[in-house]
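So the structure is just underneath, and the comments pick up after that.
The values are calculated or read from the model by the stated rules, or taken from the named source; none is laboratory data. All figures in this text were calculated on a predicted structure; none of them were measured in a lab. Quick reminder, even Gly has a Cβ in these numbers, built from the backbone with ideal geometry, and neighbours come from all protein chains shown.
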Amino acid sequence: MARDNSDRFIDDILDNYAESIGIDFARYKNHVSRVFHNCLLLDRNPANEEKYAIAAVFHDIGIWTDHTIDYLNPSIAQAKNFLTKSRKEEWAEEISLMIYWHHKPREYKGNYQETVENFRKGDWIDVTIGLRKFGLERNQLQSIRKKFPNLGFHLFLIRKLTRNFFMHPLSPLPMFKF
């Protein structure tokens, strides 16, 4: 799958969630695209491109579909539903692991280690606005950020996390896995 086709593929999937995502649609779409393109810089294997695209679309989608900051399992459920409808059930475990472990602060070791770890890194690169680069060049990351601007995504995250902290002070970051 060529990169332009992958970007259209991402758009086509996300369009199905436009109503659920609402006013956050453009900022989430750009986050998805940045994570996806970060993954492609980390892993040049074209066989993994579609997997990264699917994982990127669904990795945070539970925030909107289930209205929760504890969104990993709802996001995985949405991804599995998509994979079933797309007749790609054989990818369910791998993509589920990519989603489940994407906030792990340290290296992931386990099944599908290469793709899960690259996806984890791809998301961390974006969430840290490139402070964590995992060996990628700053100009590569800036190019991605220029093509897919932030549009307030990080401010959105800060607001969601702050609200969750006050509502659930004993579990302020339920999406982080160690």
**Study point:** Conditions (1) modelled with pLDDT of 95 or more; (2) over 15 Å from CYS39 (Cα atoms); (3) buried (at least 18 other Cβ atoms within 10 Å of the Cβ); (4) of a type in the set (A, V, I, L, M); number of the one not met by ILE69
**Key:** (1)
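Listed residues GLU114, GLU94; which is out of contact with any Pro (no Cβ under 8 Å at 6 or more places or on another chain), more than 20 Å from PHE153 (Cα to Cα) and surrounded by fewer than 17 Cβ atoms within 10 Å (Cβ to Cβ)?
Numbers: GLU94 fails: surrounded by fewer than 17 Cβ atoms within 10 Å (Cβ to Cβ).
On inspection, the qualifying residue turns out to be GLU114.
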Point to revise | Residue within region 14-29 that is under 17 Å from THR115 (Cα atoms), buried (at least 20 other Cβ atoms within 10 Å of the Cβ) and in contact with a Leu (Cβ under 9 Å, 6 or more places away or on another chain) present | key: no
Practice item. Mind listing just one residue for me: the one in region 76-114 that is of a type in the set (Asp, Glu) and part of a helix (DSSP H, G or I) and, of those, farthest from ASN16 (Cα to Cα)? Key: GLU114
Check your understanding: Got at least one residue in region 59-70 being under 24 Å from GLN142 (Cα atoms) and not acidic (Asp, Glu)?
Key -> yes
Review point. Does ARG87 qualify as being exposed (fewer than 13 other Cβ atoms within 10 Å of the Cβ) and either on the phi > 0 side of the Ramachandran plot or of a type in the set (Ser, Thr, Tyr) (or both)?
Key: yes
Point to revise | Output for region 97-111, where each listed residue is under 16 Å from the mean Cα position of the chain (by Cα) and surrounded by fewer than 18 Cβ atoms within 10 Å (Cβ to Cβ) | key: LYS104, PRO105
Revision key, fill the gap. Considering residues that are assigned to a helix (DSSP H, G or I), modelled with pLDDT of 95 or more, hydrophobic (A, V, I, L, M, F, W, C) and under 22 Å from ALA26 (Cα atoms), the number found within region 115-156 is 5
**Study point:** Test set (1) within 15 Å of the chain's Cα centre (by Cα); (2) touching a residue at least 24 places away in the same chain (Cβ under 8 Å) - TRP124 fails condition number
**Key:** (2)
**Study point:** Evaluation of GLU90 against (1) farther than 19 Å from GLU114 by Cβ; (2) free of Cβ contacts under 8 Å to residues at least 12 places away in the same chain (one fails), failing number
**Key:** (1)
Review point. Among the residues of region 42-57, is there at least one that is surrounded by fewer than 20 Cβ atoms within 10 Å (Cβ to Cβ), outside any helix (DSSP H, G or I) and among the polar types (S, T, N, Q)?
Key: yes
Check your understanding: Name the pairs: first residue in region 137-161 and exposed (fewer than 15 other Cβ atoms within 10 Å of the Cβ), second residue of a type in the set (Gly, Ala, Ser) and in a helix (DSSP H, G or I), Cβ to Cβ under 9 Å, at least 6 apart or on different chains?
Key -> LYS147/SER33
